[in-house]
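Some notes on the structure that comes next.
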Amino acid sequence: MLLSRRRLLRVAPAAAAVAAASGLGGCTLGGGADHRGPDAPRALPLARPVRTAWVLSSGGPRGFVHVGVLRALEELNLAPDLIVGASVGAVVGALRAGGLRAAEIETLALNVNPLSVVRLAFGGDERLSGEPIAALVREHVPKPHLEQLPLALACVAARRRDAAVTAFTAGDIGLAVQASAAIEGRLAPVRIRGEVYVDADWVTPLPVRVARELGAERVLAVDASAHLDRAPPGAERYREGDLRKQALVAADARHADLVIKPDFGYWVSFSREFRERAIGAGYRETVAAAERLRALHAA
């Protein structure tokens, strides 16, 4: 039962953490379209100065924790110059960078229907497409291009042919988020200017170094991964994968000024109880770090 549940959660895109139950399901033909137009996402240097960056990790349903973190940061009247997001972190980050208040994001998170953010895809190896993720972001963010957002945003994806990390900072925001949340082997990848992009979770789940490369002087990182030292009985079958991800996270976490890693249990679900628990944990952990956060943003 646990194995089938875990597979289901991997099939539902990471973006389900914040998508609205808006009936976006359907079918997609030609999921391998190559996006080459002038609006296609691009990885460009930022045109505005960056002092403080927030990095929001990947994590599938665990990404509900980001919602609680954002609520606490808003209550503390703290704001970054840049948000760098991977997978679910890119979705949450896009909504925040696009101007949504924390309460609005939380409402979306608590009302999500995971099946509303995927479509059947024909013509590729993956049977599901994340095109509704792009539609969802475009619906809620008034500015269509990353460079137009009130707050700078970088959506991190991995180039599939060589695992190169790519931070989209310009172009169609919906497509950039879709590429960042295209779970390898589960959701159809996104082809942009001839290159295929997928979720960067298997390369850099907590892209702090990307934030540094974009000029960030101070970095707050939010790590949604599990606390493996408290993994419960039954988690042994996932130990190898968990340790691999832990090593990837650690490689970037050491470059952050402050890392918030709330603990809300190992197992995940899309139940209302789990969503509220993850959001609550993110909120409490952030409030507990209020003095350090204020110091970081004031430096």
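The values are calculated or read from the model by the stated rules, or taken from the named source; none is laboratory data. It should be emphasised that the depicted structure is a prediction, and the values quoted were computed from it without experimental measurement. Note that each Cβ is placed from the backbone with ideal geometry, even for glycine, and that neighbours are counted across all protein chains shown. For the accessible areas, the whole protein counts, side chains as well, though only heavy atoms, and no ligand, DNA or RNA atoms are used. Shrake-Rupley method; radii C 1.70, N 1.55, O 1.52, S 1.80 Å.
Take peptides 66-73, 164-171 and line them up by average Cβ neighbours within 10 Å, highest first, as a rough protection proxy.
Numbers: 66-73: 26.2, 164-171: 21.4.
Answer by packing, highest mean first, reads 66-73, 164-171.
Taking a label point 7 Å from the Cα of Trp267 along the Cα→Cβ vector, which residues of the stretch 206-241 have an amide N closer than 18 Å to it?
Only 226-239 pass the distance filter.
Could you derive backbone 3J(HN,Hα) for the stretch 267-282 from the dihedral phi with the Karplus parameters 6.51, -1.76 and 1.60 (θ = phi - 60°), listing whole Hz in sequence and x where the residue is Gly or Pro?
Ordered by residue, 3J(HN,Hα) equals 6, 10, 7, 10, 5, 4, 4, 5, 4, 5, 5, 5, 4, x, 5, x Hz.
Just the Cα atoms of the stretch 115-270: what Rg and Dmax do they give in Å?
Calculated on Cα positions, Rg and Dmax stand at 16.6, 48 Å.
Specify whether the C-alpha gyration tensor of the stretch 241-299 places it in the rounded, prolate or oblate class, a ≥ b ≥ c being the square roots of the eigenvalues: rounded for a/c under 1.5, otherwise prolate if a/b is larger than b/c and oblate if not. Spell out each step's value before the answer.
Values: a/c = 3.77, a/b = 1.20, b/c = 3.13.
Oblate, because a/c is 1.5 or more while a/b does not exceed b/c.
Order these peptides, 244-251, 206-213, by their mean beta-carbon neighbour count within 10 angstrom, highest first.
Ranking the peptides 244-251, 206-213 by packing returns 206-213, 244-251.
For the stretch 148-299, what proportion of DSSP beta bridges, expressed in % and rounded to the nearest 5, is antiparallel?
Expressed as a percentage, antiparallel bridges in the stretch 148-299 total about 80.
Show me, for the stretch 141-147, the HN-Hα J-couplings you get by feeding each phi into the Karplus relation (A = 6.51, B = -1.76, C = 1.60, θ = phi - 60°), rounded to Hz, glycine and proline as x.
For the stretch 141-147, the Karplus curve yields 10, x, 8, x, 10, 4, 5 Hz.
Which value, in debye to the nearest 20, gives the size of the charge dipole of the stretch 241-299 about its Cα centre, when Lys and Arg are +1 and Asp and Glu are -1 at the Cβ?
The calculation lands at about 60 debye.
Taking all protein chains in place and a 1.4 Å probe, what share, in percent, of the accessible surface of the stretch 152-287 do carbon and sulfur account for?
Roughly 48 percent, rounded to a whole number.
Multiplying the sequence separation of Ala298 and His145 by 0.36 nm and subtracting their Cα-Cα distance, what value in nm do you get?
Contour length minus Cα-Cα distance gives 52.1 nm.
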